[in-house]
Structures are given as structure tokens and as C-alpha cells.
1. If contacts are Cα pairs under 8 angstrom and at least 6 residues apart, what is the relative contact order of the chain in percent?
2. Just to verify a number: FRET efficiency for residue 148 and residue 4, C-beta to C-beta distance, R0 = 51 Å, to 0.05?
3. Where does the charge balance sit around residue 88 when Lys and Arg score +1, Asp and Glu -1, over other residues with C-beta under 15 Å from its C-beta?
4. In whole angstrom, how far apart do the alpha carbon centroids of the stretch 115-161 and the stretch 70-93 sit?
5. How much of the DSSP beta bridge set in the chain is antiparallel, as a percent to the nearest 5?
6. Could you check the spin-label model distance between residue 183 and residue 26? Points 7 Å from the Cα along Cα→Cβ, value in nm.
7. GluC sites (Glu not before Pro) within the stretch 39-138: which are DSSP loop residues with at most 15 other Cβ atoms inside 10 Å?
8. Is the C-alpha gyration tensor of the stretch 1-54 telling us rounded, prolate or oblate? Criteria: a/c under 1.5 is rounded; beyond that, a/b larger than b/c is prolate, otherwise oblate.
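Nothing in this text is a laboratory measurement; each read-out follows from the coordinates by a stated rule. Given the structure is predicted, the values throughout are model-derived calculations rather than measurements. Cβ coordinates were reconstructed from backbone atoms using ideal geometry, including for glycine residues, and neighbour counts include every protein chain displayed.
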Amino acid sequence: SVVVLCLGEEAYCETPGNITDLTLPRAQINLAQALQKTGKPIVLVLAEGRPRLIREIEEKTNAILAAFLPGMEGGAALADILSGDANPSGKLPITYPKYANDLTLYDHKFSEHTGEFQAYDPQFPFGYGLSYTTFAYSDLKLQKSTIKKGDAQLVEVTVKNTGKRPGQEVVQLYLTDLVASVTPAMKRLKGFQKIALAPGESKKVAFTLRPEDFSFIGREHKPVIEPGEFKVAIADLAQTFVLE
């Protein structure tokens, strides 16, 4: 048997929903820990309008379904996913924090990622999400190793469904400006596409990085594009190119 445990908070709006601590109520944490001691698999459903902290119970939870505030038809949607009739394919639109005082975002700067006590260590990173199938990425290619100011850059990657079920995957492209006159972000989401794949099927996914994608807000508080080296990352693959 499996325990489906729904924790979180009631629906709310604006000021009536204000709280001072993202930690789940202690009674909910105690309930989860008591159920974990039974040894039965735990599927945790989080009904919440913000990322309530689950650090104390996440490790011994077998699966987590982020329902957020699902609305009137949320129950039917949850039933479809929990029963396996629907294959989840969503990705987190937020960085899910592990600690109350650590709200570092995915696009934080290099200078915010130094030392033991300034490491980027979320519960789940921005863009994270699992499926009932698995996907493999390969053959990340850039059209050019060097481009000129005003040029676009074509990026291609191959995605394969390596599992036994049809599924959908959100392919995410991140760009990093490795050196800039203003400390750049660790990475920035510059493109995403959702594709459907049958078991064993592969698809090539293409993105076009346009000149404005290489810009950042400079010291004069205006968008600027500077020459230098950029890194393109998709899943665990990465390639670099030079903007002259």
C-alpha cells in the first residue's frame, strides 16, 4: 500500500494569506514523520500558493507532487496523475528554497555563489520536474564558434525518450555571459520548448539566440552587448562560443 499525504495550506488571496514563515506547520511535519516511520511509501502532495519548506521530510518521501493552488478541477487532475492516467510534464517556475533565509534565485550572480555559506543550495532548482518516463539529451551543437555583434546563433540538441511511456519534456536553454563589465548572472533562461515523444523516439530541437539575448543592463542602466565568451547549456550539456 502507498500513503498519499496532502500537506500545505488553504486557498487564500492577498493580505489574508500573509505569513511570516515559510515553514510548514509543526503539526503537518509531525504527521509526515510519523507516517514515514511506518515504512510505507509516501507520495506527498503539496497544495500551496508559495514554496512551504519541506527540508525535514523530503529525504524520506518517495515522491512529491507540487499542486500549488489547483482550483476547482484540481482534484480530478491530481487523480489522473496519481493513478497514472496522465503523465506529468511540468517544470518548476520558481526556485524552491530549502531554508527560510536562503531565497537565492537561479539567475543569481557569480559573486553570490562563493564559500560554504553562500552556495546555491535550493530544495529544488528552477526548471526542475520529473516524469513517469525518462529523457536523454545528446548532440548539443552551435551553428558558429564565433559570431559578430548583431548576429544570431542557432542551437540544436537531440532529445530521446528512454523510458517505456509516452511523455512530454520541456527543453530549456540557458545562457551565461562568462565575463562582463557588470557581474553577470550564473545563467539566464533564454528559450524553452515542450515536445512530445513516444518511447524510444528522438527529436532534434532548435533554438535561435538573437542579439538581444546577449545583452544585459550596464552601468548606465541601459541594455548593452559586450564582446566575450558565452556558454550555452541544455540539461547537462554545454558549449561555448565567442561574440566579437
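1. Relative contact order of the chain: 15 percent.
2. Efficiency, from the Cβ-Cβ distance: 0.35.
3. For residues surrounding residue 88, the net value is 0.
4. 26 Å
5. So the antiparallel bridges amount to about 75 percent of the total.
6. With each label point 7 Å from Cα toward Cβ, the separation is 3.8 nm.
7. Details: sites: 48, 56, 58, 59, 73, 112, 116; in loops: 48, 59, 73.
Answer by residue number: 59, 73.
8. Values: a/c = 3.45, a/b = 2.16, b/c = 1.60.
In terms of gyration-tensor shape, prolate.
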